[in-house]
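Any read-out appearing in this document is the output of simple, stated calculations on the displayed coordinates, not a laboratory observation. This structure is a prediction, so every number in the text was calculated from the model and none was measured. Don't worry about glycine lacking a Cβ; one is built from the backbone with ideal geometry, like all the others, and counts go over all protein chains shown.
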Amino acid sequence: MKIYTKTGDKGQTSLIGGTRVPKHHLRIEAYGTVDELNSWIGLLRDQPIDDHSITSLLDIQDRLFTIGSQLASDPGKSRMQLPDILPADVEMLEKEIDQMEKHLPGLKSFILPGGHPIVSYTHIARCVCRRCERLLTHLMEDAPVNENIAVYMNRLSDYLFVLSRYIAFLKNTAETPWQPRM
């Protein structure tokens, strides 16, 4: 099988199930953003961070492939059996958040992204996750999408925020609180 098919040369692509849509279709934007997020998480996983976080990020990457496959499918035409996002996947993120927060001081203000390259990468992943979440909620206005996907993405952005703080903690990097100019 060749990597190039030439079927997308005129700006259309196929969903699982055979439906042809423009490459700028909201569904394509949504799963393309999931793919972008997965790449950022791969970059995070390649950094010198703790083994537990690496294992969690691998699990998250698997779930993002699951989400991408769901979004790449035409819900009305696809007969292919695909993996799904379950409430247990959301619970895993919540447990990870709770474990990391045990080590972190409470927040008294917003914090500015940065302080260490790995912290910055994590914040970029969080922002891409938020964009994905916005695209998903837009898509959900017009098409059926498993509600667990939206919940997972919301919790994943929370996880990435807390992970950025946890990495700052592990790297002994000070957080910079936002002090609004008045």
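List of remarks:
- Whenever a residue of the stretch 169-182 is of a type in the set (S, T, N, Q), its partners that are surrounded by 10 or more Cβ atoms within 10 Å (Cβ to Cβ), lying with C-beta atoms within less than 6 angstrom and at least six residues away or across chains, give the pairs Thr173/Gly115; Thr173/His116; Thr176/Leu112.
- Residue within the stretch 166-182 that is buried (at least 21 other Cβ atoms within 10 Å of the Cβ), more than 30 Å from Gly76 (Cβ to Cβ) and of a type in the set (A, V, I, L, M, F, W, C) present: yes
- Of all residues in the stretch 40-66, those satisfying the criterion of being among the polar types (S, T, N, Q) and surrounded by 14 or more Cβ atoms within 10 Å (Cβ to Cβ) are Gln47, Ser53, Ser56, Gln61, Thr66.
- Looking across the stretch 116-146, just one residue is of a type in the set (Asp, Glu), touching a residue at least 12 places away in the same chain (Cβ under 8 Å) and farther than 20 Å from Asp89 by Cα, and that is Asp142.
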